[in-house]
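Presented below is the structure to which this report refers.
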Amino acid sequence: MAETIFSKIIAGEIPSHKVYEDDQVLAFLDIGPLSKGHTLVIPKEPAETLDQLSDESAEAIGRVLPRIARGVMKATGATEYNVLQNNGSRAHQAVMHVHFHIIPKEGDGTGLGIGWKPQSLDNEEAAELAARIAREL
Ligand code: AMP
């Protein structure tokens with residue numbers, strides 16, 4: 001995998017405002033926050049997208065994400081937040097190293113804006129699709 005700004009942060013080659021670190025996970029403040037406390041949680045394992053992450057790293061991130069979210073909420077006083085995880089440039093991923101955003105939603109409207117345009121789900125198609133996905137797991 002190509003070097004990214006996040007692999008350089010992991011290596012300590014460029015600075016970051018760290019909030020958490022263990023053997024497998026690092027969390028630090030986003031340099032372009034959507035709201036106060038916007039935090040990034042990344043695996044130290046070099047994977048570009050979530051589907052490429054090992055079970056071990058996924059487990060390590062999953063174990064600490066809620067704790068880091070609690071810390072961000074307590075420190076900022078926010079009570080609502082989004083967790084965002086982008087995969088691929090069309091899905092708004094700019095840094096090609098897996099990362100989870102924890103983004104407090106503030107009363108002043110700062111935080112993540114979401115364009116959500118639901119489509120309808122056809123029953124027959126859904127049954128076939130769900131079975132197809134399940135076979136791939
Ligand atoms: P994404 O669009 O999901 O790939 O988000 C990448 C995020 O990384 C953006 O929110 C950037 O503001 C953030 N970012 C880029 N460079 C740095 C950096 N050096 N330190 C902290 N956050 C960064």
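The values are calculated or read from the model by the stated rules, or taken from the named source; none is laboratory data. Note that the coordinates shown come from a computational prediction; the quantities given were computed from them, not determined experimentally. A quick note on method: Cβ atoms are made from the backbone with ideal geometry, for glycine too, and the neighbour counts reach across all protein chains shown.
This table checks each residue for (1) loosely packed, with under 10 Cβ neighbours inside 10 Å; (2) modelled with pLDDT under 95; (3) of a type in the set (Lys, Arg); (4) more than 16 Å from the ligand (Cβ to nearest atom).
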position: Gly77; (1), (2), (3), (4): no, no, no, yes
position: His99; (1), (2), (3), (4): no, no, no, no
position: Gly111; (1), (2), (3), (4): no, no, no, no
position: Gly115; (1), (2), (3), (4): yes, yes, no, no
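Considering only the range 126-137, I want to know if a residue exists there that is in a helix (DSSP H, G or I) and under 14 Å from the mean Cα position of the chain (by Cα).
No: zero hits.
Suppose we filter the range 79-97 for residues that are within 16 Å of the ligand (Cβ to nearest atom) and either part of a loop (DSSP other than H, G, I, E, B) or in contact with a Pro (Cβ under 7 Å, 6 or more places away or on another chain) (or both); how many remain?
The total comes to 11.
For a quick check of your reading of the model, give me the residue pairs whose first member lies in the range 110-124 and is in contact (Cβ under 8 Å) with a residue 12 or more places away in the chain and assigned to a loop (DSSP other than H, G, I, E, B), whose second is surrounded by 10 or more Cβ atoms within 10 Å (Cβ to Cβ) and basic (Lys, Arg), with beta-carbon atoms closer than 6 Å and at least 6 apart or on different chains.
Gly111/Lys105
If I ask for residues that are more than 10 Å from the ligand (Cβ to nearest atom), charged (D, E, K, R), part of a loop (DSSP other than H, G, I, E, B) and modelled with pLDDT of 95 or more, which ones from the range 1-44 would you list?
Passing the criteria: Glu13, Asp22, Asp23, Lys36, Lys44.
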